[in-house]
Structure formats: C-alpha cells, structure tokens
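The values are calculated or read from the model by the stated rules, or taken from the named source; none is laboratory data. Worth saying up front: this structure is predicted, and the values here are computed from it rather than measured. Methodologically, a virtual Cβ is constructed for each residue, glycine included, from the backbone with ideal geometry; neighbour enumeration extends over all protein chains shown.
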Amino acid sequence: MAARVLVGVKRVIDYAVKIRVKPDNTGVVTDGVKHSMNPFCEIAVEEAVRLKEKKLVKEVVAVSCGPQQVQETIRTALAMGADRGIHVEVSGKDYDSLGPLQVSKILAALAKKEEASLIILGKQAIDDDCNQTGQMTAALLDWPQGTFASEVAVEGDKLKVIREVDGGLETIKINLPAVVTADLRLNTPRYATLPNIMKAKKKKITNVKPGDLGVDLTSRLEVLRVDEPPQRQAGVKVETVEDLVGKLKEAGRI
Amino acid sequence: TDANLQLYRPWASCQAPLRPTSSHTIAVEQSAPAGTGFPPLQTFTEEEAMMRDAVRKYAQERVAPLVSEMDENSSMADEVIKSLFELGLMGIEISTEYGGTGSSFFSSVLVIEELAKVDPSVAVLCDIQNTLINTLMSNLGTEEQKAKYLPRLATDMIGSFCLSEAGSGSDAFAMKTKAEKHKDYYIINGSKMWISSAEHAGVFLVLANADVSAGYRGITCFIVDRDTEGLEIGKKENKLGLRASSTCAVNFDNVKVHEKNILGKVGQGYKYAIGMLNGGRIGIAAQMLGLAQGCFDHAVPYTRQRMQFGKRIFDFQGLQHQIAYVATQLEAARLLTYNAARLKEAGRPFVKEACMSKYFAAEVATLTTSKCIEWMGGVGFTKDYPIEKYYRDCKIGTIYEGTSNIQLSTVAKLLDQEYNS
C-alpha cells in the first residue's frame, strides 16, 4: 500500500491554441498565450485522487517545475483533490532549456525526500512530446515502470498495469515503489468543482530550489532552430493512370 | 489576436482568449503591491479566474451538446440540472457550513456570464437560484430555516420566486394573492404567473398580502414546499426564447402555511423583494452579457471565413464598422456589469449602477444578436446555426426582472435625488 503519491504536472500551452513560431525561430510564442495543465497530467492527477478516494494511498502531492505561473497549475491539481503542492522554482534561461533529464532528476530527488512510493506522470507533454520523463525517473530511482497505462490496480504491494502498446494491450505486474505514466484512456479527469476550488486556496504549496535537491540544471541539448511545418500544397488532378505515373516520376517519387 | 497589448507583471499571469473575445483578463492576487495604481475592472482574484475557467470548460463540454435539443423540447435536461449542483454552481454564495461553495457575488456574476455564453436558459436557472433564492434565504432566514433549506438549495433542490401575477407585473404591489391569518398559520389563495423554474422547483418563495388593508405594507414572503396541499403548478408557457427554462403559472388553493415559514417579518415582503431584485438585476445583466458575447463569438469567425467578391466579408469596411461598434457596446456593457457587482461587494450604493447595467446589457444583447444574424446572412436565419437561438433568447432581457422602462425610471428617480442637494 503506497503511502504517498507524487504527481508531476506540467504547465503547457493550451491544446486548443493555434501555435505560432517566434520570428527569430528560436521557439514558439508563449507571451500572452493561454496555458493550462498538460492533458495527460490531468489524467495522472485524476488517477492519484481516485487511489486516495479508494483509500489505497494516504496523500497526493502535486509537483511542478517552472516560474511563478506554474503555481496556477498546482492549484488546479489541488482543486482536483491533491493534498498539497511543491513548486520547484526554475526560471529564465534554465526554464527555457528545462527538459526530461533535469525534471526526472528533480522528481527522483523529491521522491526520496518525500518518501513517496508511487510516482504518476502523464505519458508525455503536448508541447515537446518527449515521452521520456517517466522512464528516466524510474531509471534514476531504479524503480520499475508501468508506462502508457490504460488501467492501474493495486494488488498488495504490487501494481498491475495494463499498458497500451502497438500490438494491443499488455498486462504487467510491478513491485512498489514504482513509476506509472498515464495514457489517454486511463480515466476521464473530473471537473474542479467550485467548492474544491475554494478549498484549494487553503492547501499548502511549498517552494523548493533545484539546488536544494542537489540537481544540476545544465542542459545537454541546444535547440538550434524551430520552424513551422511546411504549408500544405495544393494537389494536382490527373485524368488517367498514365498521367499519374508520369507525374509521380516527374516528382521523383518513383 | 495579440494585436491587443497584454500587461505583464511578474506576479500575474496573462491569459489570452481561446476564441476571439472582447475581454482580456489578468489574474491578480487580491492584495496587489502598493503603488501599482488601480487595477482595471477586468481583474480577477485567482479563485474567480479558476472558477470562470472551470465553468467555461464545463459549459463547452457538458452543456453545449444539449442546447439545441433542450430548446426544441422546451425542457431542461436532468443531466444539466444534476451537474450544475455537482459542480457547486447552485450554491455559490452559500456558506460552506451549509454545504455551499462559500464564494462571492462577483463569482456568481462570472459563472452566470460563462453559462449564458453557451445557453442563457441554463444561466437563468443558475442566476435565480443564486441571486434571488439563496440571497433571500441567507439574509433573512432564521437559523432553523437556513439549516433546513440552504443545504438542499446548495446540493439538490431548485427554488422558485413567486411575485408576478396576471394582473401585476411592473406594478408588483398590486398583487391579489392573499394570505389570511388563522391563529398560527396562514391560508394562501391566488395565482402567480411567469414563474421560472417552477417545473423543477422543490421550494417556492411566495409573496402574498397578509394584510390587504395596509396595502403593499401587508406583502409578506412565505416559504412554501412543493408538496404542500393546494399548491398546483400550471401549464408551461410555450415561449419564443429561453425555452429550456420552464415558465409556469403557480396556483394556490387554500394552501396552509405555518407562520414559522414566513421569511423575515410580516408586511416587509415588498422591501425584501425590491432589495433582492437590485442584486438580481446585476445577475440578469451578466446573463445578457454572456448571451451577447456567445453570439458574437459565433458570428465573427464566420465573417472572417466567408468570402464574397474575392475577399472576406470581414474585410468590407461597412461590416468592420458594424462589428467594431457592437464590440464597443459589449465592452461597455461588461464594464457596467462588473462595476455594479464590485460596488455591491464593496458595500457601496449600487442601485443606480445595477439598473444601468441590466438595462444596457439587455439592449446590447438585442442589438448584438440582431446584427449577428445579418452578418451571417442566410445561414444566420436557419436553426442549423446557433445564432437564431440567441436572437430569440435575448428579447426577454428587456422585459423580466424589471422592464427597461422601469430601470430607466429608477435611474431617473435616483438622479433626481442626486441633484436635490
């Protein structure tokens, strides 16, 4: 029975917003753009809260790494039912270059500090689509991992996880403590009710610096350039099969 | 679009709209550091912003798919009623000790506005519950009454407010429904008309005259449970708009009500009604505002896509000027409404501003919806698009909870007093 669950929540550009690349091609426009909690992180929070409601875990702690604004994202997790939050302060250039490796180091350090026995994350973030943080965190902690989870069940001191894989569904059993990453069909996240939003005001968010956790934020990656996907070109209509073959040969496709 | 400048302050986060809206909102902690000046009217606390976003999401995902059907069938879906309660939207200002949300009047205003963007009928259900029923009960109820009704109003019971009759609308004090005193109970006889939410209400706040000789100073507010013998819900009106909100006659045939079910004091009912309607009209202003904005948000994208004569119809100056004009009216209506709400919260006089906001928002809703149909052309006229529903829904705004003429008369009266000194 896991006592404490850590849930990572990431603040990303809202899924419905039309993304625009910055004129200098160094990244996408984030200033003045609507941000929300990563949808897969919402699913992760929902799963953790459900485990608490089933009395399978005692406490749900929501964690986010970033500047002051991520506190909103933590508050949303609190409004969904998390008990308290941890804001790991990362800003400026460090935040721009923050990636799965640094975040997984932070989560691993926090898991040890908070004596968590379960970490639930979204399978990936919708801005970078990395799909690495869960896996790296498990590796750093030397914990088993159940990724792409579409179902999670506690069985004593083990977890049964049904994973969505290319060939279908794979069922595995892993020992606790473990890392689980949430896939789309794991659950449908609840709406934060208004009373819970009010209650979330009173829940505690502690601030922590990466240095306090002994984590080095230096990135091993450098983004060289960001471009928009090519504009979709108009197609060409052909009359006969011969024309089609001819055109394909012209375009060097066959 | 980001053609509008966003003010960036380190402790605040900027939220740009998902769809084009005429308002930009900045979430700010309630205690802004000194020397920052006065925040713009469209500044919300963190909870207010979170609530507004939560309701926006809920309305888009859970209410929007049902709107057309509810309008066709003149019926509010059970699922909508249930989810409104589940999310705590029906007890926004009710204290948490009674199972409510424990939030503020301004939060109610934001919630009503967001709901109205999707369905003004759902918004009016939420508005009446919060600004009329809950307010009356919370402010005037005895401990016993509050303990009995507030938890239910917050979690599963709809309330209706019975003031108007066939013969008394604007002239509310000319009501004929009587309450005859017998020892420790009253017998109510009469007929109320135009009662919203009557189909689903579990409790009715009924204004009846307990002392006809005293004229309007006999009007008293009674709490009447639905299952009381002699209370009969009449047929549902077949309305032009707000069809999903049930509007019925409610008949009282020798309805026996114990005197402990009087809300407040005997003969003070007229005062309570007026007092509470002052706040209620800010709620209606919010509803009309949301209605107009929701309609506008559907129409403008169309004008940006529809091509005629080789360009977008939005690119024609004639249309641009009309759209800009309507957007300006919307912004003015929003500021009037938000300011009236903040004045009320601050405990400052707000009646004049409340009247102005309701009157103006209703007029703006009429203008906006009418123009939006024109901008959409033929498709605006069909039921396949949501525009025509907004057009039908808006008309009641200039009529209920105090007609536009009544609002103007009230403003004039207050102006007269202002210039008296």
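Counting the residues of segment A:185-197 that are in a helix (DSSP H, G or I) and either within 24 Å of A:LYS123 (Cβ to Cβ) or more than 14 Å from chain B (Cβ to nearest Cβ) (or both) gives 2.
Taking (1) outside any loop (DSSP other than H, G, I, E, B); (2) within 22 Å of A:ARG4 (Cβ to Cβ); (3) more than 14 Å from chain B (Cβ to nearest Cβ) in turn, A:LYS249 satisfies each apart from (2).
Applying the condition of being in contact (Cβ under 8 Å) with a residue 40 or more places away in the chain and more than 15 Å from B:VAL122 (Cα to Cα) to segment B:100-111 and asking which residue is nearest to the other protein chains (Cβ to nearest Cβ) yields B:THR101. Scanning segment B:204-240 for residues that are in a loop (DSSP other than H, G, I, E, B) and of a type in the set (Ser, Thr, Tyr) returns a single hit, B:THR228.
Scanning segment A:1-29 for residues that are out of contact with any Lys or Arg (no Cβ under 9 Å at 6 or more places or on another chain) and surrounded by fewer than 18 Cβ atoms within 10 Å (Cβ to Cβ) returns A:TYR15, A:LYS18, A:ILE19, A:ARG20, A:VAL21, A:LYS22, A:PRO23, A:ASP24, A:GLY27. Within segment A:70-117, being touching a Ser or Thr at 6+ places or on another chain (Cβ under 9 Å), over 24 Å from A:ARG220 (Cα atoms) and acidic (Asp, Glu) holds for one residue alone: A:GLU72. All but one of (1) under 20 Å from the mean Cα position of the chain (by Cα); (2) over 30 Å from B:GLN145 (Cα atoms); (3) not charged (D, E, K, R) hold for B:ILE274, so report the exception by its number. In the conditions (1) under 20 Å from the mean Cα position of the chain (by Cα); (2) over 30 Å from B:GLN145 (Cα atoms); (3) not charged (D, E, K, R), B:ILE274 misses (2) alone.
The residue that is farthest from A:LEU51 (Cα to Cα), among those in segment A:198-211 that are part of a helix (DSSP H, G or I) and under 22 Å from the mean Cα position of the chain (by Cα), is A:PRO210. Could you list all residues from segment B:76-99 that are surrounded by 24 or more Cβ atoms within 10 Å (Cβ to Cβ) and either more than 16 Å from the chain's Cα centre (by Cα) or away from chain A (no Cβ under 12 Å) (or both)? Residues satisfying the conditions are B:GLY88, B:ILE94. So is B:ARG342 within 30 Å of B:GLU48 (Cβ to Cβ) and touching a residue at least 40 places away in the same chain (Cβ under 8 Å) or not? In short, yes.
If the condition is being in contact with a helix residue (DSSP H, G or I) (Cβ under 7 Å, 6 or more places away or on another chain) and either assigned to a helix (DSSP H, G or I) or away from chain B (no Cβ under 14 Å) (or both), then segment A:3-52 contributes A:ARG4, A:VAL5, A:LEU6, A:VAL7, A:GLY8, A:VAL9, A:LYS10, A:ILE43, A:VAL45, A:GLU46, A:GLU47, A:VAL49.
Hey, among the residues in segment B:53-75 that are polar (S, T, N, Q), away from chain A (no Cβ under 13 Å) and outside any loop (DSSP other than H, G, I, E, B), which one's farthest from B:LYS117 (Cα to Cα)? Applying the filter and picking the extreme gives B:ASN73. Can you find even one residue in segment B:264-285 that is part of a strand (DSSP E or B), in contact with a Lys or Arg (Cβ under 7 Å, 6 or more places away or on another chain) and at pLDDT 95 or above? For segment B:264-285, residues part of a strand (DSSP E or B), in contact with a Lys or Arg (Cβ under 7 Å, 6 or more places away or on another chain) and at pLDDT 95 or above: absent. Identification of helices (runs of 4 or more DSSP H) wholly contained in segment B:311-421 with 2 or more residues that are modelled with pLDDT of 95 or more, under 29 Å from B:MET276 (Cβ atoms) and more than 19 Å from the chain's Cα centre (by Cα) yields B:404-418. The set of residues from segment B:333-351 being farther than 20 Å from B:VAL364 by Cβ and charged (D, E, K, R) comprises B:LYS344, B:GLU345, B:ARG348. Please list, ordered by first then second residue, the pairs with beta carbon atoms under 8 Å, 6 or more apart or interchain, first in segment B:180-194 and without any contact (Cβ under 8 Å) to a residue 60 or more places away in the chain, second polar (S, T, N, Q) and in a strand (DSSP E or B). Going by the 8 Å Cβ cut-off, the qualifying pairs are B:GLU180/B:ASN189. Being away from chain A (no Cβ under 13 Å), basic (Lys, Arg) and touching a Gly at 6+ places or on another chain (Cβ under 7 Å) is a condition met by no residue of segment B:135-149.
There is no residue in segment B:353-375 that is in contact with an Asp or Glu (Cβ under 8 Å, 6 or more places away or on another chain) and surrounded by fewer than 17 Cβ atoms within 10 Å (Cβ to Cβ). Selection of strands (runs of 3 or more DSSP E) fully inside segment A:90-184 by the criterion of at least 1 residues being crowded, with 19+ Cβ neighbours inside 10 Å and in contact with a strand residue (DSSP E or B) (Cβ under 8 Å, 6 or more places away or on another chain) returns A:118-122, A:145-155, A:158-165, A:178-182. Could you grab me the full set of residues in segment B:41-52 that are of a type in the set (A, V, I, L, M, F, W, C) and at the interface with chain A (Cβ under 8 Å from one of its Cβ atoms)? Within segment B:41-52, B:MET50, B:MET51 qualify. Looking at the structure I just gave you, is A:VAL60 assigned to a strand (DSSP E or B) and either free of Cβ contacts under 8 Å to residues at least 60 places away in the same chain or facing another protein chain (nearest Cβ under 10 Å) (or both)? Yes; evaluated as a whole, the condition is true for this residue. In segment A:63-89, of all residues being of a type in the set (Val, Ile, Thr) and part of a helix (DSSP H, G or I), the one that is nearest to the other protein chains (Cβ to nearest Cβ) corresponds to A:THR76.
All of (1) within 21 Å of B:VAL111 (Cβ to Cβ); (2) without any contact (Cβ under 8 Å) to a residue 60 or more places away in the chain; (3) buried (at least 17 other Cβ atoms within 10 Å of the Cβ) hold for B:GLN329 with one exception: (1).
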